[in-house]
Amino acid sequence: MWLNSTVPICAEVFKTYGCYNPMKLFGVTTLDVVRANTFVSECKGLDVTKTDVTVIGGHSGTTIIPLLSQVSVSFTDSQIKSLTHHIQFGGDEVVKAKNGKGSATLSMAYAGARFVDKLLQAIVLNKTVTACSYVESPIAKADGIRFFSSALKISKKGIQEYISLECIPQLKVNIEKGVNFVAQSKL
C-alpha cells in the first residue's frame, strides 16, 4: 500500500517545487519480481537466475499481478492460484512467520540492490535496461489510473519505453470479434 501512495505523493511534492520529471521517478517493485521469480522457479524446478516473471499493477496485495501466462512453462489452475497468492502476500507471510517482529529485510535489500544495479548500468554504462517499476504511466490511464507498475526500458535519460502488455493486441482482436458478431447478427 505504501508505495502505491508514496510515489504519487513524491510526484506532487516535486511538482510543487518545479522539479518533477516523470521519466525519472521510480517506485521500486523489484521485490515483487524477485518473489515471483523465486516462487515460480521453486514450483517448476527452474534456475531462478534464468526465470523472469513480469509483475504489473501496484505494490500491495491484490494490486500485484504476476503475468504467469507469459512464463515459458505451463501451470495448473491450482498452481496459478497458489503462486499468485504467494507472490501477492509474501511479505505478509514473512511478518507472520516473525510474529510481527520484522519483515523481509534481506529480500528488500536484495531487490533494492538489483534495481539500483539496473539504474547504474543505464546511467554509468550508458546501457538500456529492462526493469519493472511503479511509475506515472500511460498503460492504465484510460481507466483513470495514473501510476502503474510494468516492464520498462530505462536509459540514462530515464524511461525510454513502456513495454506494452503482450495480451493487449490479442485482447483487442477478441473484443473486435465480439463487437462485430453482435453488429452482424440479427439481435
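In this structure, does S78 turn out to be out of contact with any Leu (no Cβ under 8 Å at 6 or more places or on another chain), among the polar types (S, T, N, Q), surrounded by fewer than 17 Cβ atoms within 10 Å (Cβ to Cβ) and farther than 23 Å from I159 by Cβ? Don't jump to the end; show me each part of the working.
On the way: out of contact with any Leu (no Cβ under 8 Å at 6 or more places or on another chain): yes; among the polar types (S, T, N, Q): yes; surrounded by fewer than 17 Cβ atoms within 10 Å (Cβ to Cβ): yes; farther than 23 Å from I159 by Cβ: yes.
Against the criterion (out of contact with any Leu (no Cβ under 8 Å at 6 or more places or on another chain), among the polar types (S, T, N, Q), surrounded by fewer than 17 Cβ atoms within 10 Å (Cβ to Cβ) and farther than 23 Å from I159 by Cβ), S78 qualifies.
What is the residue count in the range 46-57 for residues that are in contact (Cβ under 8 Å) with a residue 40 or more places away in the chain and outside any loop (DSSP other than H, G, I, E, B)? Quick ask: steps written out before the conclusion?
Let us first name the residues in the range 46-57 that are in contact (Cβ under 8 Å) with a residue 40 or more places away in the chain, namely 54-57.
Now narrow it down to the ones that are outside any loop (DSSP other than H, G, I, E, B): 55-57.
Total satisfying the criteria: 3.
For the range 140-159, how many residues meet the condition of being over 16 Å from L125 (Cα atoms) and open to solvent by 80 Å² or more (accessible area, probe 1.4 Å)?
So the answer is 3.
Taking the stated definitions as given, is T38 closer than 19 Å to E161 by Cβ and at pLDDT below 95?
no
Exactly one of these conditions fails for V73: (1) in a helix (DSSP H, G or I); (2) surrounded by fewer than 15 Cβ atoms within 10 Å (Cβ to Cβ); (3) in contact with a helix residue (DSSP H, G or I) (Cβ under 7 Å, 6 or more places away or on another chain). Give me its number.
(1)
Checking the structure you have, find out if any residue of the range 101-120 is of a type outside the set (A, V, I, L, M, F, W, C), part of a helix (DSSP H, G or I), at pLDDT 90 or above and over 22 Å from N4 (Cβ atoms).
Kept after step one, since they are of a type outside the set (A, V, I, L, M, F, W, C), are these residues of the range 101-120: 101-103, 105, 107, 110, 112, 114, 117-118.
Remaining after also requiring part of a helix (DSSP H, G or I): 105, 107, 110, 112, 114, 117-118.
If we keep only those that are at pLDDT 90 or above as well, we get 110, 112, 114, 117-118.
Then drop every residue that is not over 22 Å from N4 (Cβ atoms), which leaves 117.
Yes, there is a match, as at least one residue in the range 101-120 is of a type outside the set (A, V, I, L, M, F, W, C), part of a helix (DSSP H, G or I), at pLDDT 90 or above and over 22 Å from N4 (Cβ atoms).
Residue by residue through the range 9-45, note down the ones that are surrounded by 13 or more Cβ atoms within 10 Å (Cβ to Cβ), among the polar types (S, T, N, Q) and in contact (Cβ under 8 Å) with a residue 24 or more places away in the chain.
So the first thing to find is which residues in the range 9-45 are surrounded by 13 or more Cβ atoms within 10 Å (Cβ to Cβ), and the list is 10-11, 14, 20, 22-44.
Subset that is among the polar types (S, T, N, Q): 29-30, 37-38, 41.
Once the filter is applied, which keeps residues that are surrounded by 13 or more Cβ atoms within 10 Å (Cβ to Cβ), among the polar types (S, T, N, Q) and in contact (Cβ under 8 Å) with a residue 24 or more places away in the chain, the range 9-45 yields T29, T30.
Go through the range 87-138 and give me each residue that's of a type outside the set (K, R), in contact (Cβ under 8 Å) with a residue 40 or more places away in the chain and open to solvent by 60 Å² or more (accessible area, probe 1.4 Å).
M108, Y110
Quick check, is T49 loosely packed, with under 13 Cβ neighbours inside 10 Å, out of contact with any Leu (no Cβ under 9 Å at 6 or more places or on another chain) and farther than 23 Å from E136 by Cα? Break it down stepwise before answering.
Working: loosely packed, with under 13 Cβ neighbours inside 10 Å: yes; out of contact with any Leu (no Cβ under 9 Å at 6 or more places or on another chain): yes; farther than 23 Å from E136 by Cα: yes.
Considered against the rule, which asks whether it is loosely packed, with under 13 Cβ neighbours inside 10 Å, out of contact with any Leu (no Cβ under 9 Å at 6 or more places or on another chain) and farther than 23 Å from E136 by Cα, T49 comes out as yes.
The values are calculated or read from the model by the stated rules, or taken from the named source; none is laboratory data. Predicted model only: the values in this text are computed from it and were never measured. Here the Cβ is made from the backbone with ideal geometry for all residues, glycine too, and neighbour counts use every protein chain on show. Keep in mind that these areas ignore ligands, DNA and RNA; they rest on the heavy atoms of the full protein, side chains included. Shrake-Rupley method; radii C 1.70, N 1.55, O 1.52, S 1.80 Å.
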